[in-house]
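To start, the structure under review is shown below, and the notes come after it.
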Amino acid sequence: MSVNSNKYIVQNMERLSFFDLANGVCQFVVDDLQESTMTNEQETVYATGKNGVKIGSADRNKASRITATNGAIVDGVMAMQVGSPVVKGTTIIPKHFFMLTTTDGTTVDVAIKPVGEVGNEIPYIYKRNADGTVGKPYPIAAEATAESFKYDPATKKITLPTDVFAAGEVVYAFYDIEVKDAKKISNDEDKFSATGMLIADCFAKDLCTDKSYYAKIIYPKAKASGNFELSFGNDPSVQNMEFEALSGGCGSSTSKRLWDFIVFDEDDAAAL
């Protein structure tokens, strides 16, 4: 049935979707929105007369933005915020941390293969102090001595410095590893947040009939903010985001439009 109401209850944004302006490809969808805000502004300049009395006005500089907090971290959002794609594939993880326990005080096995220049795959190992801190560093060498260790890539075994470790003690190591099918987002200083079409999906309930309608806020052209933070502590980290509506959307009908607000009944969509 057609939308006849002029008064609605709109409580939540259900989701935000972001689309590439060039090809229309969806860059991300976020639907774990804890809170969201749409802000609209315009600047009014007043002409004044005697004693500062306002005698006229002129309006300019309309602005609109949507800010939101998502309860989950979505990699597509982060990619748009830093202006780089999500790259999936084989990736080198630098200086991954390992805690290795020696059973005999002379050798320790390496479970994950290190990558890098042969003879320098594991630059240093460290003896774990009694309080858990990192102790003295021992460099890699061709042979194990009292001041160095040896790594054999064929057996994946470290020969520990002589007379340094006892059975059951922990060895700390930091070295590069290679992983397959990882996801990587890079924040480069010469790349910046993206611009695209933003669509916010909501539900609008008719106050009189309690019927719910779809509601959409559409920014034909929106700039993703590159300012965001991730907080880590007692609670899971959330993802904050902001999008500023821009003028100049593609096509003559949207060249000066900041946004559309559309309320509709999906039953009224044209049938195939």
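The values are calculated or read from the model by the stated rules, or taken from the named source; none is laboratory data. The model shown is predicted, which means the values in this text are computed figures rather than measured ones. Every residue, glycine among them, receives a Cβ derived from its backbone with ideal geometry; neighbour counts consider all protein chains shown. Ligands, DNA and RNA are stripped out before the accessible areas are found, and what is left, the full protein with its side chains, is counted by its heavy atoms. Shrake-Rupley method; radii C 1.70, N 1.55, O 1.52, S 1.80 Å.
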- Message: Need the failing condition index for residue 130 against (1) open to solvent by 80 Å² or more (accessible area, probe 1.4 Å); (2) under 30 Å from residue 86 (Cβ atoms); (3) not charged (D, E, K, R), just the number.
- Response: (2)
- Query: Among the residues of segment 30-59, which ones are touching a strand residue (DSSP E or B) at 6+ places or on another chain (Cβ under 6 Å) and of a type in the set (A, V, I, L, M, F, W, C)?
  - Reply: 30, 33, 38, 45, 47, 55, 58
- Message: Criterion first (modelled with pLDDT under 80 and surrounded by fewer than 18 Cβ atoms within 10 Å (Cβ to Cβ)) does residue 212 satisfy it?
- Response: no
- Selection status of residue 171, aliphatic (A, V, I, L, M) and either surrounded by fewer than 16 Cβ atoms within 10 Å (Cβ to Cβ) or not in a strand (DSSP E or B) (or both): no
- Find the strands (runs of 3 or more DSSP E) located wholly in segment 1-104 whose residues include 2 or more that are touching a Ser or Thr at 6+ places or on another chain (Cβ under 9 Å) and among the hydrophobic types (A, V, I, L, M, F, W, C), and list them. 8-20, 26-30, 33-48, 54-70
- Task: Examine segment 188-197 for a residue that is of a type in the set (Ser, Thr, Tyr), within 30 Å of residue 22 (Cβ to Cβ), assigned to a strand (DSSP E or B) and within 38 Å of the chain's Cα centre (by Cα), and state whether such a residue exists.
- Result: yes
- Message: Which of the numbered conditions does residue 201 fail, given that it passes all the others? Conditions: (1) under 30 Å from residue 115 (Cα atoms); (2) touching a Lys or Arg at 6+ places or on another chain (Cβ under 8 Å).
- Response: (1)
- Only one of (1) open to solvent by less than 50 Å² (accessible area, probe 1.4 Å); (2) of a type in the set (Gly, Ala, Ser); (3) modelled with pLDDT under 95 fails for residue 141. Which number is that? (3)
- Would you check if there is a residue in segment 41-50 being hydroxyl-bearing (Ser, Thr, Tyr), under 21 Å from residue 197 (Cβ atoms) and surrounded by 11 or more Cβ atoms within 10 Å (Cβ to Cβ)? no
- Residues of segment 222-240 that turn out to be modelled with pLDDT of 95 or more and either of a type in the set (Asp, Glu) or in a strand (DSSP E or B) (or both), as a count: 5
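Please go through segment 107-123 and pick out each residue that is crowded, with 16+ Cβ neighbours inside 10 Å and either among the hydroxyl-bearing types (Ser, Thr, Tyr) or over 16 Å from residue 174 (Cβ atoms) (or both). Steps first, please.
First, the residues of segment 107-123 that are crowded, with 16+ Cβ neighbours inside 10 Å: 107-108, 110, 114, 121-123.
Selection gives 107 alone.
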- Query: Residues of segment 144-168 being surrounded by fewer than 19 Cβ atoms within 10 Å (Cβ to Cβ) and not small (Gly, Ala, Ser), which ones?
  - Reply: 145, 147, 150, 152, 153, 155, 156, 157, 159, 162, 163
- Test residue 9 against the stated conditions and say whether it is surrounded by 10 or more Cβ atoms within 10 Å (Cβ to Cβ), within 37 Å of the chain's Cα centre (by Cα) and farther than 22 Å from residue 191 by Cα. yes
